[in-house]
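Worksheet: one structure, shown below.
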Amino acid sequence: MIRVRKLRERVREWAAEWARRRQGPDRLPLTLARRRLYILPTRAGVAFGALLLTMLAAGLNYANSLALLLTFLLGGFALVAMHECHRNLLGLSLLEAAAAPLFAGTTGNLRLTLGSASRLTRRRIQVAVANEAAVALDLPAGGRGEAALPIRAPRRGLHRIDRLRVSSTHPFGLFRAWTWIHAPITLIVYPRPSGALPLPADSGARSGTHPRSTAGADEWLGLRPFRDGDSPRQVAWKAYAREAPLLVKEYGSAGSPLRQLSLDAARQPDIESRLEQLARWIVAAEAGGDLYSLELPGQRIMAHRGSDHRHKCLSALASYGS
Amino acid sequence: MSAGALKVTPRSPLLWVCAVSAAAILLHAAQVYAWITIAGLVLVGWRLAAAFGRARLPGGTVRIGLGLSLVAAVFAQFRTLNGLAPGTAMLMLMVTIKLLETRTRRDQYIVIGGALFLLLAACLDRQALAWVPLYGTDALLCCSALAVVAYAGDEALPVPPGLGTREIVGLAGRTLLYAAPLAILLFLFFPRLPGHLWAFTPGDDAMTGLGDTLTPGGITRLTASYAIAFRVRFDGRPPPPAERYWRGPVMHEFDGATWSAGRYSPGEIQRLNCLSAPYRYRVYLEPTFHAWWLALDTVMASPAPDVRYTDDYQLIATQPVSQSQTYDARSCAHPQSLAPLSSAARLADTQLPPGRNPRTRALALQLRHRAGSDVGFIRAVLTFLRTNGFSYSLTPPPLGPEPIDDFLFDTRTGFCGHYASAFVDVMRAGGVPARVVTGYLGGQLNPYDGTFVVRQSDAHAWAEVWLDGSGWTRVDPTAVVAPERIDHGILDLLPNAVSASARIVHAWPWLNATLQRWDALNGWWNERVVGFNYRAQLNLLGDLGFHSPELRDAAYAFGVALLAWLAWISWQLGREGSLRPRPDRLGRAYARLCRKLSRIGLPRPPHQGPLAYAQSITRHRPDLAPQLGPLLESYADLRFGPTSAPTPDHDLRKFERSVAQLSVRRLQPR
């Protein structure tokens, strides 16, 4: 049994690789064309076929017209079902695929946006990362839908999600039509925040900090994308008038402590633990509203704060060494 | 809450699967023992109750015990598990036991598969036209259940809301509808088998029609049935009612109570000298599961190579009639045997069990002694039957251990079986070779398709005696007692003999007429659809121009048809999902106009509106301007103008007409 499963696994892997070579790399958005749609009977479909063969044998043996008519009707039914299953995917578009960065050890979502330019309601479209569990969704005629695929990130780093599978067994579960999509999707996995060391003390020297950080009271920190709940007064309307996206001016209060974070400061036995300690510090500093800088071998990020800065710092940790 | 508003919920697949099982059971309710139907429905009810939390599902041990005891019950009932009827019963119970343990999608698929197989069993069992709508509905139900189960998906996937019941049934129905042309093509062209792959033995229940034995009183079960035995279409003049004797099994051996075919050494078939023009006709025989093929008395040759023509003029096939048969035959109403009766045949047909029915024997000897000849003897016996208070009844009193004596001297009430038995017994006792012939008498003309319908209620038995000089001669002693039986069906004679419904039909002419139409439709169905077999398929291929009909030709014809169907399905399904909405009437008319113009080299660029198009046409083909200018303007008016026009429909039709009448030519190069 296990051997059969292994064999099936291997065949599936081989087929996927064959499809990758055949299809070449993909770019989003893409619309599923005939050339890349594959279809095979499901296990239920194979059983249905066996049932039809038995019925055919009985009908032929007894030269029973009605039994034959029923068999042929069901045979035609299966063939039409195959076409319908194929059509359920044909012309479907994958518009976007993006995943927010996440910490190692947590689960996040890969958000897929699917679009259907068709008069059909597309039902039971199943999307999955490679061979993981699928998520199903229905797409209204001419509409779009979103699916959130749960993804787990066991290790920090820059992970490539290199294969998506879009499939459907609608309408009768006798056939499964599917395609593989090989679009480059990078998933940034931050190190898991951990480590018990306290944040490095405020470095009064402020050496190597952001030059403007010494400016007067509400110092201007930069622009960041608008988020729900932001005050309209903070919106950078001038930038918006120049057709830029809606941005918000960020200010910080003067006199925030400055934390200088570096690999050396995180005194941990191994490099991964150090990165995890740094991640924890970054999270804590950001939460405390502190200014923080990050120094890694060959890389230096000026002291700053805000979500962009946090992402920049954590990403640097994520990609460290790669 | 309307039906369309019902949505697929986590419970829906189970409900659908229960419905499918219940439908499959009810499909067989009239054919199987009542306890099987009830057991099946109880199990379905149990599963439903469990689905709603009203009952607990049985554990594995209980299920296995239940399964085994039901198998044992079926075996006890049928004494076998082999054959269509016990197999169907088994399948019914297995499907419902499977239903009891249905939890996953796989289980649900298995139950639906079982239900489809039960539908097949019903098709094998009954092919009457009246069942077809039910079969169709059941197929639709099964396919819808497939869709529901597939849609609800695995436990791993949440059920997306939204698919309504109406949509599901619509989906399954449309898919079946698209499949129908293929089903018809396959039906016509899929190579049929000339014989059987494996043999087929029906249960006793399936046997209808005449048996191979005759006990005085035994035909009652048949005469109560209004079912059709066979239909006949005469080529030319049909025989008068008095000649509509349909010959079936012939009985030679009598043990004092029961007649049977007996061991009658097949002699040489004696050529018949026909004293009148033979009748030519085609018989559509319903399945009887007996080997006899019915034919008008006396048939002159075998209608098919695998049907034996015996020396007592029976047609006996090598296989029981398990499917309806169509055959052409020729019969002679007034035959004459040329050769003398062989001594073996004379011996066999004057045999009587020693010591049985002594009073009859005494009567026969007395009558034979008084009569001068065999013919005189026959006349005397018939006179005896006519003058001694004999009466015709389908519910005669039971007969004792010497049935012929009891009948002739005590009860004196009976029907054809009694009279024929008694008459042949008397003849043999008097030394005249005689035999009992069973078959049918009568037949009702269906004016809608010109066939004679012979029903089981027309079953009859008569006698044949050997007369030197003229050979085997039919004598119907029943006719002496009840002469009306010849001219009328049994219904006129004994209205109480058959079921109440048959009496009602007989009493109301309009109902009778409706039924005759229905019979005619059934006749078409049985002949063209049910009876479409290997031979009919070869004929069809011959008609289509395949002059040497072989399987290869069927395969070619089928391949071409399959490709055509596949193309049609692709196109049809593609059209449904097409991106572009179908334009309205005005848009279609405008598109027709643009196509016409593009054919003469004036295509409309996609960016051009109607008025700009008119201008560009005027530039290229000034000669067309007076025609096309107003036309394109009227399109612009209809499409973009104010909608307050008093008769927009009138204008639209006018536009359509102008487009249709427009005739433009390409400019000839000079």
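Each reported figure results from applying straightforward, stated rules to the coordinates on display, with no laboratory input. Here the structure is a predicted model, which is why all the values come from computation and not from measurement. FYI the Cβ positions are ideal-geometry reconstructions off the backbone, even for glycines, and counts take in every protein chain you see.
Model label sites at A:ARG111 and B:LYS596, defined 7 Å from Cα along the beta-carbon direction, differ in position by 5.4 nm. For the segment B:174-183, counting C-beta atoms of other chains within 10 Å of every residue's C-beta and taking the mean gives 6.
Tell me which of B:ALA591, A:GLN277, B:THR438 sits at the most positive position along the dipole axis of the protein assembly as shown, charges placed on C-beta atoms (Lys, Arg +1; Asp, Glu -1). Among B:ALA591, A:GLN277, B:THR438, the one farthest towards the positive end of the dipole of the protein assembly as shown is A:GLN277. Rg over Rh of region A:71-186, using C-alpha atoms and the Kirkwood radius, what does it come to? In region A:71-186, Rg relative to Rh is 1.06. Between B:TYR448 and B:ARG79, the simple label model (points 7 Å from Cα in the Cβ direction) yields a spacing of 4.2 nm.
The value obtained for region B:288-333, namely the Cα convex hull volume divided by the number of residues, is 68 Å³ per residue.
Region B:62-132 to region B:414-475: how many Å between their Cα centroids? Answer, in whole Å: 44.
Sorted ascending by nearby beta carbons within 10 Å, beginning with the fewest, B:CYS332, B:CYS416, B:CYS274 become B:CYS274, B:CYS332, B:CYS416. Compactness of region B:331-393, taken as the C-alpha radius of gyration over 2.2 N^0.38 Å, stands at 1.43. Hey, got the average number of other protein chain Cβ atoms within 10 angstrom for residues in A:82-93? Shielding by partners across A:82-93 averages 3.
Pull out a ≥ b ≥ c, the square roots of the eigenvalues of the alpha-carbon gyration tensor of region A:36-127, then state rounded if a/c is under 1.5, prolate if not and a/b is larger than b/c, and oblate in the remaining case. Note, shape of region A:36-127 comes out prolate.
Shielding of peptide B:163-173 by partners, expressed as the average count of other chain Cβ atoms within 10 Å per residue Cβ, is 2.
Does anyone have the angle between helix A:2-23 and the longest principal axis of chain A? Alpha-carbon axes, 0 to 90°, nearest 10? Relative to chain A, helix A:2-23 is tipped by roughly 80 degrees. Computed 3J(HN,Hα) for region B:73-87, one whole-Hz value per residue from the Karplus formula 6.51 cos²θ - 1.76 cosθ + 1.60 where θ = phi - 60°, is 5, 4, 4, 5, 6, 9, 6, 7, 10, 9, x, 5, 5, x, x, glycine and proline marked x. Peptides B:435-441, A:122-128, B:100-106 ranked from most to least packed, by the mean per-residue count of other Cβ atoms within 10 Å: B:435-441, A:122-128, B:100-106.
Per-residue ellipticity at 222 nm from helix content only, as computed over the protein assembly as shown with -39500 (n - 2.57) for each DSSP H run of at least four residues, stands at -13500 deg cm²/dmol. Projected over every direction and averaged, the convex hull enclosing the alpha-carbon atoms of chain B yields 46.9 nm². Rounded to the nearest 0.05, the FRET efficiency derived from the C-beta distance between A:THR186 and B:GLN336 at R0 = 60 Å is 0.05. Across all directions, the shadow cast by the convex hull of region B:299-419 built on its C-alpha atoms averages 11.3 square nanometres.
Compared with the dominant Cα axis of chain B, that is its longest principal axis, helix B:534-543 is turned about 50°.
When DSSP beta bridges are restricted to pairs lying wholly in the protein assembly as shown, around 90% turn out antiparallel. Counting only the Cα atoms, the protein assembly as shown fills a convex hull of 312 Å³ per residue.
For region A:65-182, the relative contact order is 27 percent, taking Cα pairs closer than 8 Å that sit 6 or more residues apart in sequence and dividing their mean separation by the residue count.
Take the Cβ atoms of B:TRP131 and A:ILE301, set R0 to 56 Å, and the FRET efficiency comes out at 0.10.
Taking the C-alpha atoms only, the angle from helix B:34-51 to the longest principal axis of chain B is near 30 degrees. Peptides B:43-52, A:139-148 ranked from most to least packed by the mean count of surrounding Cβ atoms within 10 Å: B:43-52, A:139-148.
Here the translational diffusion coefficient of chain A follows from Stokes-Einstein with Rh set to the Kirkwood radius across Cα pairs; for 37 °C and 0.692 mPa s it amounts to 137 µm²/s. Computed on region A:134-201, the Cα convex hull volume stands at 162 Å³ per residue.
Between B:LEU26 and B:ARG528, the distance separating the two model label sites (each 7 Å from Cα on the Cα→Cβ line) works out to 3.1 nm. Would region B:1-109 count as rounded, prolate or oblate if I go by the C-alpha gyration tensor, calling it rounded below 1.5 in a/c and otherwise prolate when a/b exceeds b/c, oblate otherwise? Prolate, since a/c reaches 1.5 and a/b exceeds b/c.
With a Förster radius of 60 Å applied to the C-beta separation of B:GLN627 and A:VAL283, the computed FRET efficiency comes to 0.15. The slack in the chain from B:ALA660 to B:ALA257, taken as 0.36 nm per residue of separation less the alpha-carbon distance, amounts to 136.5 nm. Placing one equal scatterer on every Cα of region B:81-142 and applying the Debye formula, the log10 ratio I(q)/I(0) at q = 0.21, 0.28 Å⁻¹ is -0.86, -1.15.
By the Cβ rule of 4.7 Å, chain B holds the following cysteines without a possible disulfide partner: B:CYS18, B:CYS123, B:CYS142, B:CYS143, B:CYS416, B:CYS594. Stretching the chain fully between B:TRP510 and B:ARG106 yields a gain of 140.1 nm (0.36 nm per residue, less the alpha carbon separation).
Taking every alpha-carbon pair under 8 Å whose residues sit at least 6 apart, chain A reaches a relative contact order of 15 percent. Close amide H partners of A:THR106, meaning residues 5 or more places away or on another chain with modelled amide H under 5 Å apart, are A:ALA153.
Taking every alpha-carbon pair under 8 Å whose residues sit at least 6 apart, region B:1-130 reaches a relative contact order of 33 percent.
Once the Cα-Cα distance is subtracted from the 0.36 nm per residue extended length, the B:ARG280 to B:ALA362 segment shows a gain of 25.1 nm.
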